[in-house]
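What follows is a single structure, written as structure tokens, with notes after it.
We did not get these values from a lab; they are worked out from the coordinates using the rules stated. All of these numbers come straight from a predicted model, not from anything done at the bench. Neighbour counts are summed over all protein chains in view; Cβ atoms, including those assigned to glycine, are modelled from backbone coordinates with ideal geometry.
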Amino acid sequence: MISAFTNIFKIPELRQRVLFTLAMIVIIRAGSAITTPGVNAEILREWFQNVADAQSAGGVAALFNLFSGGALAHCAIFSLGIMPFISASIMMQLLTAVIPQLGRLSREDGGRRKIMQYTRYATIGLCVFQGYLLAKSFENPQANPFLPGIMDTINRLGLDLVPNPGLPFQIITILTMTAGTLFLMWLGDQITERGIGNGVSIIITVGILAQLPAGLIQAWRTFVPSAVGAQANVSPIVLVLLCLFLVIVIASVIAVTQAQRKVTIQYAKRVVGRKQYGGQTQYMPLKINYAGVMPIIFAQAILIFPSTILNMAFPQNRTAQEISVLLASGWLHYALYGVMIFFFSYFWVATQFQPVQIADDLKKYGGFIPGVRPGKPTADFLDYTMSRLTFAGAIFLTIIAVLPQLLAQWLKVPYMTAQFFGGTGVLIIVGVVLDTMRQVETHLLQRHYDGFLRKGKIRGAREPRRLGSGQVLNDNSMVLIYAAIGVLVIAAATIYIATRR
């Protein structure tokens, strides 16, 4: 594996792509620390610190802060993050599925480019709307529960969150944050085209990983007593259980991400002149988690809006505030979260997987599934098979996304720490890392270099290992599992030694 990282810098094209991606990541992190003009970032940093210490999720603001990589805590120019673009993409996907004109446009030559242009226009509209809501929240923190408890921080520090409120401040904030999101969107396109991996996914992953140091600090404060002879806020046994849960989550995510069902495709024999064509047996891989991390991202993006709008539109209405709390962290939030993950799992498959077109292509080139007639029966078989696989994948995504949040509430673990012990953060990180590793290895193998594990050193290094019916796990995926287990063993030993003092 070490030689694979060395070989990356031996290939000029791959080296340029990796270095370009790293340079873009530096720019993204720099933009997350540049404060928006007219806002006192010290108050926001102090408030987010108090929210983390109080073992609270912090509502919608903390969720924004997570996906923006801590930019909202500094009121940075990247405070909105890439989520407006994700939300606009969801809207266009839904409209393409329900509006026939857009559906026909997506199938025409150059239609995808036009739809992407419409998505960017929608992103600008969402940025203006969300930027205005943030500006109003900063101007009137006492009348808006978007930042609950921030008035205590303001009174303690004796400072104003916005020294000069008014229309100029609102315009500057809207323009700054809109430009920041559009710049992030452009950086994502550049990473996809000239770097390694999917640009939008990498931006989200970098934002989540940027909160890892703060999460480790919160874990240390929670599980390790600050004074000699004092008791920890939470028992160290909870940390051991969470570490075990993290290993299970990472192994499960990797297994389900790589799992697939291989459908046998048989091609009929054809004789043209003296040559024989066809007669071969191939396999069509159908992934269990076909949508990847997209249902989680879509569900998170959609759930942000109802709670935010209720907070902004009805700040003094008690019923609206109770509903807002339920949408942010209550039982209604988890119920809607699970339903949306199921919906977007099937929605993504319905829009991206086309069984009728696949069946027509197989019939055109003389291919068929043994035991299934060509044409419509083949399309029905593929649709039925994919629906069953998607159901299993959607259940897995729902459990992984919802269960860690519930455990964090039951065990009183800080939200900033709990988000790295499963759920959305780990799911996105593992999925993006696997996809990036796959692209890097493709470049290595095309240049006749070894992948992340050499042949011969581990039995079946290039052959996938079967875990059960329809599940496949290759040795590259085992790299992440081994690394996670090693890190967790070291962390558990450190915590044990610290608590024994």
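Would you mind counting up the charge near residue 393? Only other residues with Cβ under 12 Å from its Cβ, with Lys and Arg at +1 and Asp and Glu at -1. In short, +3. Averaged over residues, the count of other Cβ atoms within 10 Å places the peptides 174-185, 100-111 in the sequence 174-185, 100-111, highest first.
The length gained on full extension between residue 23 and residue 190, counted as 0.36 nm times the residue separation minus their Cα-Cα distance, comes to 59.0 nm.
Each peptide in 158-169, 238-249, 289-300, 337-348 was scored by the mean count of other Cβ atoms within 10 Å over its residues; highest first, the order is 289-300, 337-348, 238-249, 158-169.
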